[in-house]
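A short write-up of the structure that comes next.
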Amino acid sequence: MALDKTYKLVPGTTVFDSEQSAKGYHLNQFCMSLMTAENRAAYLADERAYLDAWPLREEQKRALLDRDLNAAMREGGNIYFLAKWGATLGFSFQQMAGSMTGMTEEEYRAMMVGGGRSVEGNRIDHAVLEAAHAPAPTAGHATVTGAVFTSHVPAIGAALDHGKTDEPYWRPVFEGYAYSRTWERENVPDVILLVYNDHASAFDQSLVPTFVLGTGASYPIADEGYGPRPVPGVEGDPDLAAHIAHALIREDFDLTLANEMAVDHGLTVPLSLMFGDVEKWPCKVIPFHVNVVQYPVPSGARCFRLGQALRRAIESYDRPLNVQVWGTGGMSHQLQGPRAGLINREWDNAFLDRLVDDPAGLAEVPHLEYVEEAGSEGIELVMWLIARGALSDVDGSGEVEVKHRFYHVPASNTAVGHLILENRPRAEEPAEKE
């Protein structure tokens, strides 16, 4: 079912939604560049040359050169960003607003003095609204086909990158993913929504967002102090990401939307474990960052509900895509303080048991238990509950099948856990014999 976007029918109005944002990203970033005197002077000295230095479509450049704000809005411009451009040219806000209505600045000011534009005659035509609510034919919809759960230990990435996978220390870890690489080759999705936490790479203490959805077209590999990992950059899916953003925010999940973001080992190590050494990742990836570094962090219950909303969002997308949701991080580990090196095999394996058989109950485990039993960094496991909530057995519409389970200690400072669950249609119960 397509999302309700009837706000697009309000006459004379362009609502700046996630689709418009994606369309106008570089246009609006150009406007932001004009917030320094040096850049304003450079733009005014040669507008065309300055515009040509930006990856703008010709239609966007023409709208600015023609001083056509309506065209700029159609091309994804937002009025608050475009105001920076207007200010550079010496336009007042009333002058800019008047130009979009066909009025001079004086005429527009007189209208505002007279009480402004009346809403009468400027509402949605009811016939148009009824037509918009008529069901539209679709060629299918996206489907969540399965979930992958895995640790994302940075040392695993280093072992892969430096050819240490056959060393006695590392061999048991990588043998635990041999089945997984075969399974993933046989089940390559169109898109992976990969839940991970940034490790002070893209986000520092100047900005601590709880949930970040990557809405960009691509994501570079972060330099975490040793240089970027020698792995491919990540191709995103801005259209599906914009759809997910719209759906989740409508369900009251507050998201930060990132059009630009470097991705670190939290995202790249799982891709390497599942796909191996490749020149290009075989599918698109939508990054989904969760803050589990600075408290307060989201509860397991909230993450589980987010996963359920995420599946609804994905499966309301009107393109027949195969989507996997991956939850990463953990298992038990502590990287700081006198308890550094803490591992709890019993708790980890009980977590895996409950993740399969009792995810709703597992979602109620409080933060204190994660920290006390699984170590301060074991709190990363709440991210697995997002992926688990996205499977069909949670709402009773389907079943899950365990395809693979693996656990090993240690990988550097961490216990490694791994699980693959596939969504299955619910089996019909046999009819009772008379």
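Restricting region 189-276 to chymotrypsin sites (Phe, Trp or Tyr not before Pro) that sit in a DSSP loop and have at most 15 other Cβ atoms within 10 Å of their own Cβ leaves Tyr226. Shape analysis of region 1-113 yields a ratio of the Cα radius of gyration to the Kirkwood radius, Rg/Rh, of 1.00.
For Lys280, go through the lysines and keep the ones whose alpha-carbon is under 24 Å away, minus same-chain ones fewer than eight residues off. In chain and number order, the partners are Lys164.
With each label modelled as a point 7 angstrom along the Cα→C-beta vector, the Glu175-Phe93 pair spans 6.8 nm. Along region 71-82 the Karplus relation, 6.51 cos²θ - 1.76 cosθ + 1.60 evaluated at θ = phi - 60°, assigns HN-Hα couplings of 5, 4, 5, 4, 8, x, x, 10, 4, 6, 6, 4 Hz to successive residues, with x for each Gly and Pro. Taken about its Cα centre, region 239-373 carries a charge dipole of roughly 260 debye when the Cβ of each Lys and Arg holds +1 and the Cβ of each Asp and Glu holds -1.
Taking trypsin sites (Lys or Arg not before Pro) as exposed when their DSSP state is a loop state and no more than 12 other Cβ atoms lie within 10 Å, the longest site-free interval of the chain runs over 124-279. Selection among Tyr179, Thr145, Gly121 by position relative to the dipole of region 107-189 gives Gly121 as farthest towards the positive end (Cβ unit charges, Cα centre). Bridge orientation summary for the chain: considering DSSP beta bridges with both residues in this region, about 50 percent are antiparallel. Volume per residue for region 150-249 equals 137 cubic angstrom (convex hull of Cα atoms). Per residue, the accessible area of the chain comes to 48 Å², computed with a 1.4 Å probe over protein heavy atoms only. The C-alpha atoms of region 356-429 occupy a region whose extents along the principal axes are 45, 25, 15 Å, arranged from largest to smallest.
In the calculated pair-distance distribution of region 229-291, the portion above 15 angstrom amounts to 55 percent of the Cα-Cα pairs.
Charges were assigned to the Cβ only: +1 to each Lys and Arg, -1 to each Asp and Glu. The resulting dipole of region 42-155 about its Cα centre is roughly 260 debye.
Here the chain has 52 percent of its accessible surface on carbon and sulfur atoms, given a 1.4 Å probe and all protein chains in place. Each residue of region 183-198 was assigned a 3J(HN,Hα) from its phi angle through the Karplus expression (A = 6.51, B = -1.76, C = 1.60, θ = phi - 60°), giving 4, 5, 4, 7, 9, 5, x, 6, 9, 10, 9, 10, 8, 8, 10, 6 Hz with x at Gly and Pro.
Take the Kirkwood radius over Cα pairs of the chain, plug it into Stokes-Einstein at 20 °C and 1.002 mPa s, and you get 88 µm²/s for translational diffusion.
Going by accessible surface with a 1.4 Å probe and the largest first, Met274, Met32 read Met32, Met274.
Extents of region 111-198, taken as max minus min of Cα coordinates on every principal axis and listed largest first, are 81, 39, 17 Å. Using the structure shown, select from Lys84/Lys284; Lys23/Lys61; Lys5/Lys84; Lys61/Lys84; Lys23/Lys84; Lys23/Lys284 the pairs with a Cα to Cα distance greater than 25 angstrom. Beyond 25 Å between Cα atoms: Lys84/Lys284; Lys5/Lys84. Under 5 Å from the amide H of Ala411 lie the amide H atoms of Val416, each residue being 5 or more positions distant or on a separate chain, with H modelled from the backbone and absent for Pro and chain starts.
Among rounded, prolate and oblate, which fits region 246-343 when a ≥ b ≥ c are the square roots of the eigenvalues of its C-alpha gyration tensor, a/c under 1.5 means rounded, and a/b larger than b/c means prolate? Oblate, since a/c reaches 1.5 and b/c is not below a/b.
Potential lengthening of the chain between Asp239 and Met32 amounts to 72.2 nm, from the contour at 0.36 nm per residue minus the alpha-carbon distance.
Need one word for region 66-152: rounded, prolate or oblate. Basis is the Cα gyration tensor (sqrt eigenvalues a ≥ b ≥ c); a/c below 1.5 gives rounded, then a/b vs b/c decides. Judged from the Cα gyration tensor, region 66-152 comes out oblate (a/c at least 1.5, b/c at or above a/b). Converting phi to 3J(HN,Hα) with the Karplus coefficients 6.51, -1.76 and 1.60 and the offset θ = phi - 60°, region 107-112 yields 5, 5, 4, 5, 4, 5 Hz in sequence order, with x at every glycine or proline. Here is how the number arises for the chain: DSSP H runs of 4 or more residues each give -39500 (n - 2.57), the sum is divided by the residue count, and the result at 222 nm is -11000 deg cm²/dmol.
For every other residue with a beta carbon closer than 15 angstrom to the beta carbon of Lys61, add +1 if it is Lys or Arg and -1 if Asp or Glu, then tell me the sum. Local net charge: -2.
Computed from point charges on the beta carbon alone (+1 for Lys and Arg, -1 for Asp and Glu), the dipole magnitude for the chain about its Cα centre is near 700 Debye.
The values are calculated or read from the model by the stated rules, or taken from the named source; none is laboratory data. These numbers were taken from a predicted model, which means no experiment stands behind them. Cβ coordinates were reconstructed from backbone atoms using ideal geometry, including for glycine residues, and neighbour counts include every protein chain displayed. Side chains are part of the model used for accessible areas, which takes the heavy atoms of the whole protein and leaves out ligands, DNA and RNA. Shrake-Rupley method; radii C 1.70, N 1.55, O 1.52, S 1.80 Å.
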